[in-house]
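The values are calculated or read from the model by the stated rules, or taken from the named source; none is laboratory data. Just so you know, these numbers come straight off a predicted model, no measurement behind them. For neighbour counting, all protein chains shown are included, and Cβ atoms are generated from backbone atoms with ideal geometry for every residue, glycine included. Protein only, heavy atoms only, side chains kept; ligands, DNA and RNA dropped before computing areas. Shrake-Rupley method; radii C 1.70, N 1.55, O 1.52, S 1.80 Å.
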Amino acid sequence: MNDPTTIRRLYGRRQGHALRAGQAALVEDLLPHVSVPETGALTAETLFGDDRPLQVEIGFGAGEHLAGQASAAPDTGFIGCEPFLNGVVGALGHIRDKSLSNVRLHMGDALEVVERLPDASLTRVYLLHPDPWPKARHAKRRMVNHGPLDLIAAKLKPGCEFRLGTDDPTYCRWAMMIMGQRHDFEWTARTPQDFLTRPADWPETRYERKARRQGHEVWYFTYRRI
């Protein structure tokens, strides 16, 4: 197995604009109740108190997609990982406004959480609009690399899905190359429309809307764990 720690350093800012009073209150009051425990093995039982399907979103942005999926599947447990504080605040707002009891958040490295889950415990992993790191010398920082993918493959149940969305042509080509080298994932697309059209159960994000306003194409990849 390749080493997933090759991308463990988190690059970029952890916080953008200063938090307003209400946002700061969310972090202080709600985040402790929905945070993933900092240590120990993670299971559906430890996170949600029962044996339920689990899904993970890596880098959930402002949380729209995470909240949409959690609202649509209240009996599934969702783990959202995001190092950016303002994104975590956005997700907390959705959790509060939608009264979501099936979401847990981790502000930090997603792979540290994924590692602590049992093998073959996840029904879906989402990676939507990841940082493309467009320069060739930064390619090792991309989440779509064999080390992280080895870990994701180990934690997904056979037959379950890894979903990837991007509007960056470089990342699109890179992902197709890397995923094409793997024998543990099957690309489910059969026609061009299968990866040019957002699936009905794939809530739109603000990053996707922004990309379309800027005239970018958006690609939707679904890979099945073999």
Practice problem: Report the residue count in segment 44-63 for those that are more than 22 Å from residue 144 (Cα to Cα) and either in contact with a His (Cβ under 9 Å, 6 or more places away or on another chain) or without any contact (Cβ under 8 Å) to a residue 24 or more places away in the chain (or both). | Solution: 5
Exercise. For residues that are open to solvent by 30 Å² or more (accessible area, probe 1.4 Å) and under 17 Å from the mean Cα position of the chain (by Cα), scanning just segment 31-63, find the one that is nearest to residue 153 (Cα to Cα).
Key: 53
Quiz item: In the list 116, 96, 124, which residue meets the criterion of being at pLDDT 95 or above, within 22 Å of residue 20 (Cα to Cα), of a type outside the set (A, V, I, L, M, F, W, C) and open to solvent by 30 Å² or more (accessible area, probe 1.4 Å)?
Solution: 96
Practice problem: Among residues belonging to segment 202-226 that are open to solvent by less than 80 Å² (accessible area, probe 1.4 Å) and in contact with a helix residue (DSSP H, G or I) (Cβ under 7 Å, 6 or more places away or on another chain), point out the one that is modelled with the lowest pLDDT. | Solution: 205
Quiz prompt | Test set (1) in a loop (DSSP other than H, G, I, E, B); (2) under 24 Å from residue 18 (Cα atoms); (3) touching a strand residue (DSSP E or B) at 6+ places or on another chain (Cβ under 8 Å); (4) of a type outside the set (Ser, Thr, Tyr) - residue 52 fails condition number | solution = (2)
Self-check item: Conditions (1) over 19 Å from the mean Cα position of the chain (by Cα); (2) under 20 Å from residue 53 (Cα atoms): number failed by residue 116
Solution: (1)
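Filtering segment 153-171 down to residues that are closer than 13 Å to residue 122 by Cα and of a type outside the set (A, V, I, L, M), which residue is most open to solvent (accessible area, probe 1.4 Å)? Quick ask: steps written out before the conclusion?
Residues of segment 153-171 closer than 13 Å to residue 122 by Cα: 153-163.
Cutting the leftovers down to of a type outside the set (A, V, I, L, M) gives us 155, 157-163.
Numbers: 155: 13, 157: 82, 158: 98, 159: 43, 160: 26, 161: 43, 162: 1, 163: 11 Å².
Across segment 153-171, the extreme among qualifying residues is 158.
Which residue is most open to solvent (accessible area, probe 1.4 Å), if the candidates are limited to segment 68-80 and must be touching a residue at least 40 places away in the same chain (Cβ under 8 Å) and in contact with a Leu (Cβ under 8 Å, 6 or more places away or on another chain)? Break it down stepwise before answering.
Of all residues in segment 68-80, those touching a residue at least 40 places away in the same chain (Cβ under 8 Å) come to 68-69, 72, 76, 79.
So of that shortlist, the ones also in contact with a Leu (Cβ under 8 Å, 6 or more places away or on another chain) come out as 76, 79.
Working: 76: 18, 79: 0 Å².
Only one residue tops the list, namely 76.
Test residue 191 against the criterion of being out of contact with any Asp or Glu (no Cβ under 9 Å at 6 or more places or on another chain), farther than 30 Å from residue 43 by Cβ and not in a helix (DSSP H, G or I), and give yes or no. Let's see the steps before the verdict.
Numbers: out of contact with any Asp or Glu (no Cβ under 9 Å at 6 or more places or on another chain): yes; farther than 30 Å from residue 43 by Cβ: yes; not in a helix (DSSP H, G or I): yes.
Judged against the criteria, residue 191 is a match.
Pick out, from segment 64-163, the strands (runs of 3 or more DSSP E) lying fully within it that include 2 or more residues that are among the β-branched types (Val, Ile, Thr) and in contact with a strand residue (DSSP E or B) (Cβ under 7 Å, 6 or more places away or on another chain).
Numbers: elements: 77-81, 103-106, 122-128.
Passing ranges, in order: 122-128.
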